[in-house]
Amino acid sequence: MLALGFGLSAGASAAQAAPDCAGSRSRVETLICADPALTRLDDELRRLFDRIAGETRGIDGETGRAIDTVGADHARWRTRIRDACPDAACLARVYTARIAQVRRDWSGALSDTPALRHVVNARFGFSIDVPADLVAEPPPDNGDGQAFHSADGHLHLTVSGLNDGLDQDLDAVVAADRKTCLRQPPEYGARKPGWIVFSCTTADGILYRKTLRAGGRGGAFVTLRIRYPVAERARWQAAVTTAATSLRLTEPGRDSR
């Protein structure tokens, strides 16, 4: 079900009001239904509005009156901006901007109860929380970690372990990634004896990397890497912060792989 034309009234979710791609569609809706990436963006926007409706319950917190939380505003965006797009590329841009705007405007409602997925790796002994709406990719057979991507493929997140077979230090482990930064030193960087982190602009967008040392010299390294477009920094800031601050070393489990 798509959020192609919903008007969100008090107590009604976007999913309930969204038309199906099998039904009659406008020119723009036809473009969205024909493009999987646009369909995923539309679905991401619908899920955001569902969460907003769930948090506000369609009620004004001060007066107790029923309110149309986002329906009128979304109708204006749909007719004036989305429906003015001539092609799929334009639609991808306006949907991405709309999602970022909704996340900013409704950050209070969306951040109070974030939907997270808790990931635990037994082989290297680490855990992390990632946004639940990220798509999990098939894990590698060696069990060293997990990769995720956003529904539209704009954000890529990997968290994995690596045995320290070469007796390296933290700087040596992150050196290859750090060399891809267009600005040296990177725009942001910090380190302590047990971890190192940096974020910078690369030719492929923003790169965030945090690496922890597990078990001292000869042990292992646990790394979180996140990439996303420069123009979507505001959209992914909360996801990066959540993943980075939740990354923890745990007790490695028994794993025969």
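The values are calculated or read from the model by the stated rules, or taken from the named source; none is laboratory data. The structure presented is a predicted model; accordingly, all values stated were derived computationally and were not measured. Here Cβ is always computed from backbone atoms with ideal geometry, including for glycine, and neighbour counts include all displayed protein chains. Protein only, heavy atoms only, side chains kept; ligands, DNA and RNA dropped before computing areas. Shrake-Rupley method; radii C 1.70, N 1.55, O 1.52, S 1.80 Å.
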How much of ARG98 can a 1.4 Å solvent probe reach, expressed as accessible area in Å² and rounded to 10?
10
How much length is gained on full extension from ALA115 to GLN101, taking 0.36 nm per residue of separation minus their Cα-Cα distance?
3.2 nm
Quick one: if the Förster radius is 41 Å, what FRET efficiency do CYS21 and ALA122 give, using the C-beta to C-beta distance and rounding to 0.05?
0.50
Could you work out how far apart the two model spin labels at THR202 and THR245 are, taking each label as a point 7 Å from the Cα in the direction of the beta carbon, and quote it in nm?
2.5
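Classify region 126-257 from the C-alpha gyration tensor, please: rounded if a/c falls under 1.5, else prolate or oblate depending on whether a/b exceeds b/c.
Verdict is oblate for region 126-257.
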Taking amide H positions as placed in the peptide plane 1.01 Å from N, state which residues far from LEU247 in sequence (5 or more) or on other chains have amide H under 5 Å from it.
ASP129
